[in-house]
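One structure is given here, and the rest of the page talks about it.
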Amino acid sequence: MAYSRHGTRYIRGYVTEGGMWAPTNSHRGRPGSWVAVVLIVVGFVLAALSLVLGPNWWLLGAGVAAMALGGLVCLAADIFTDVVLDDPRYEDEEPHSTPLHRIKRRDRELWGGP
């Protein structure tokens with residue numbers, strides 16, 4: 001738990017019920033980034049199947065090639081620029097009476113603090 005500059009308590013990373021991570025209802029990321037991710041996942045699945053089935057060396061090679069191609073597409077699409085950093089949300093903490101809450105309250109009484 002932390003305190004905002006306004007003095008209200010908030011939980012870092014907490015999103016209220018019914019809230020949305022993004023202002024739109026669509027997935028984040030560009031189509032090129034999603035193609036790269038799909039290539040890597042398909043390559044991983046192919047490589048895993050090749051180990052289960054044998055080893056089946058040509059399937060393993062195809063999986064490794066798909067993962068390598070996905071990695072190149074990641075570099076070409078600059079996938080890391082798809083990350084969106086939102087401003088922190090400062091919301092009051094909802095009161096609750098869990099054992100952890102009582103333990104924290106007892107610790108504040110014993111050791112002092114906000």
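Can you give me the number of residues within segment 65-86 that are loosely packed, with under 11 Cβ neighbours inside 10 Å, over 16 Å from Pro31 (Cα atoms) and at pLDDT 65 or above?
0
Across segment 27-64, what is the total count of residues that are over 20 Å from the mean Cα position of the chain (by Cα), surrounded by fewer than 18 Cβ atoms within 10 Å (Cβ to Cβ), in a helix (DSSP H, G or I) and not hydrophobic (A, V, I, L, M, F, W, C)?
Qualifying residue count for the region: 1.
The values are calculated or read from the model by the stated rules, or taken from the named source; none is laboratory data. Computed from a prediction, not measured in an experiment: that's the story for all the values here. All Cβ positions, glycine included, derive from the backbone under ideal geometry; neighbour counts span all protein chains shown.
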